[in-house]
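Engineer: Once you've had a glance at the structure underneath, I'll fire off some questions.
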Amino acid sequence: MSEFSKRVSVMANEVKNLKVLTESLVSPDIISFAGGAPAKEAYPFEIIGDIAKEVFKPDARGFGSVVYGTTMGVVALREAVRDILLKPRGLDVDIDNIMITAGGIQPINMLCQLFINPGDTILVETPTFVHTSMIYKMFQANLVPCEMDDDGLVIADVEAKIKKYHPKMIYTVPTFQNPTGVTLAQDRRKQLAELGSRYDIIILEDDPYREIRYSGEELIPIKAFDQTGNTIFAGSFSKIFSPGSRLGFMVASDEFMDKLCNIKLGTDTCTNTMTQTIAGEFFKQGHYPQHLESLKNLYRSRRDAMVKALDAYFPEGTKHTYPDGGYYVWVELPKELDTGKLAPEVAEKLNVCYGDGSIFFSEGNPEGAGSNCMRMNFSGQPEEVITENLKKLGNFFKEKLEQGGTSC
Ligand SMILES: Cc1ncc(COP(=O)(O)O)c(C=O)c1O
């Protein structure tokens, strides 16, 4: 039998964690709070259908959408990123610094290809996005967890760890973080960009949720404070258009973009031109503002229902975040409850699943970190389903506590 590469065993634990999350999503009978996909009601089917009918004809635009595309991506979509997703949000960049990628995950993989050698260190948030941890381990990086509080990464801890571990990269999801829903404060964004410049470290600003804000003030991206090109911004169309389109984008300096083009060429040549063309038209025809507003209205009331149900039905001593946007609430239960151990019983008795807290804690954390926590997705379920099932879940946890916790 052929020998597998070393990365297969190095990434095994992260693969297992990612599977815990994804396997719970496939059963149609289970009420899932574990996912991270848009709601069924959130897709602009009719508009996509109309655009497809209009575009896929044997004329110049039609051919442009079925042949190989350029490595950087379809111009109309890059213009939409520049003019609609970045400039009004405080990031003014040239179209030559925007590459369309296969989802928001691909920039993370490509940046590892560009910068990470086996044994390099990457600083990550605690907790952090499980899928990204898997990619980092695939490149045999060492992950060093950094502290977070209600305003995101704690900058003093990041700087202390820069001095101690000399990382190559710092990874952050600054807005409505996955998994906590926490947002990095404006002053810390500037400080993080400055740290990247001062110590010559790559700051990977992974920001797929920034558009979906329900409350609070909009914040300027870290990249907008970057004077040296050390910060790279990654975005996604998965939450604001369709994850099946597999579209994302990346903003990088001229020097890095040149190298990233070579990496993209050696990876998949170009991103899907058919979905790029449809998405480009979607923005060009002006559908986005109304679509985004409808997404926010749909999810805002789901967030409110979840927060209300957590306060009403969960055991005393439960803490949770209050996200101003995005998809997730992070819940910390009394320490006697182990969400990973209880998950099979919850699925069997209540037909409910959630994201077990411990899977979002990268290596370098103490054994059992996050075991009393859970990531709760609110975007995928209607308010009444959230209320009814969180009542059941809260009562289940209360009963477990009365019985002495998970070990009973
Ligand atoms: C933190 C984070 N980064 C990136 C992504 C991008 O995903 P995709 O490749 O679907 O665009 C996601 C999606 O869930 C995410 O949560």
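Please treat every number below as a calculation from the coordinates, not as lab data. Just so it is clear, the model here is predicted, and its values are computed rather than measured. Here Cβ is always computed from backbone atoms with ideal geometry, including for glycine, and neighbour counts include all displayed protein chains.
Engineer: Could you give log10 I(q)/I(0) at q = 0.17 Å⁻¹ for region 45-284, computed by the Debye formula over C-alpha point scatterers of equal weight, without solvent?
Structural biologist: The Cα Debye sum returns log10 ratios of -1.26.
Engineer: Additional query: Label residue 156 and residue 383 with points 7 Å out from Cα along Cα→Cβ: what is the distance between them in nm?
Structural biologist: For the pair residue 156/residue 383, the computed spacing is 4.2 nm.
Engineer: Taking the DSSP beta bridges in the chain as the whole, what percent of them are antiparallel, to the nearest 5?
Structural biologist: 55 percent
Engineer: Here is a follow-up. Going by how many other Cβ atoms sit within 10 Å of their own, how do 313, 68 line up, fewest first?
Structural biologist: By the 10 Å Cβ count, ascending: 68, 313.
Engineer: Say we join alpha carbon atoms closer than 10 Å with springs in a Gaussian network model of the chain; which of 376, 110, 99 then has the biggest fluctuation?
Structural biologist: Looking only at 376, 110, 99, the biggest GNM fluctuation is shown by 110.
Engineer: Return the whole-Å distance between the Cα centroid of region 25-71 and the Cα centroid of region 254-303.
Structural biologist: Between the Cα centres of region 25-71 and region 254-303 lies a distance of 11 Å.
Engineer: With Cβ to Cβ distances under 10 Å as the rule, what net charge do the other residues near residue 178 carry (K, R +1; D, E -1)?
Structural biologist: -1
Engineer: DSSP loop (so not H, G, I, E, B), at most 15 other Cβ within 10 Å: list which GluC sites (Glu not before Pro) in region 356-408 pass both filters.
Structural biologist: Here the GluC sites (Glu not before Pro) that fit, given the DSSP loop and packing criteria, are 363, 367.
Engineer: Quick one: Debye curve from the alpha-carbon atoms of the chain only, equal weights, vacuum; give me log10 I(q)/I(0) at q = 0.11, 0.14 Å⁻¹ to two decimals.
Structural biologist: Values returned for q = 0.11, 0.14 Å⁻¹ are -0.83, -1.32.
Engineer: Are there any helices in the chain, counted as whole DSSP H runs, that stretch 30 Å or more along their axis by Cα and score at least -1.0 on average by Kyte-Doolittle, and if so which?
Structural biologist: Values: long enough: 288-313 (37 Å, -0.86).
Correct list, ordered by number: 288-313.
Engineer: Also: Size of the dipole of the chain about the Cα centre, Lys and Arg at +1 and Asp and Glu at -1 on the beta carbon, nothing else charged, in debye to 20? Please list the in-between numbers first.
Structural biologist: Working: 43 positive and 55 negative charges, 101 e Å.
For this selection, approximately 480 debye.
Engineer: Below 14 angstrom from the Cβ of residue 344, what's the summed charge of the other residues (Lys, Arg +1; Asp, Glu -1)? Show your work: numbers first, answer last.
Structural biologist: Numbers: positive: 341, 349, 400; negative: 23, 338, 345, 348, 356.
Net local charge, residue 344 excluded: -2.
Engineer: For region 218-358, what does the convex hull of the Cα positions come to per residue, in cubic angstrom?
Structural biologist: Convex hull volume per residue, Cα atoms: 202 Å³.
Engineer: For the chain, what does the helix formula give at 222 nm: sum of -39500 (n - 2.57) over DSSP H segments with n ≥ 4, over the residue count, nearest 500 deg cm²/dmol?
Structural biologist: -13000 deg cm²/dmol
Engineer: By how many nm would the segment from residue 304 to residue 164 lengthen if fully extended, with 0.36 nm per residue of separation less the alpha-carbon distance?
Structural biologist: Details: separation 140, 0.36 × 140 = 50.40 nm, distance 4.13 nm.
Stretched fully, the residue 304-residue 164 segment lengthens by 46.3 nm.
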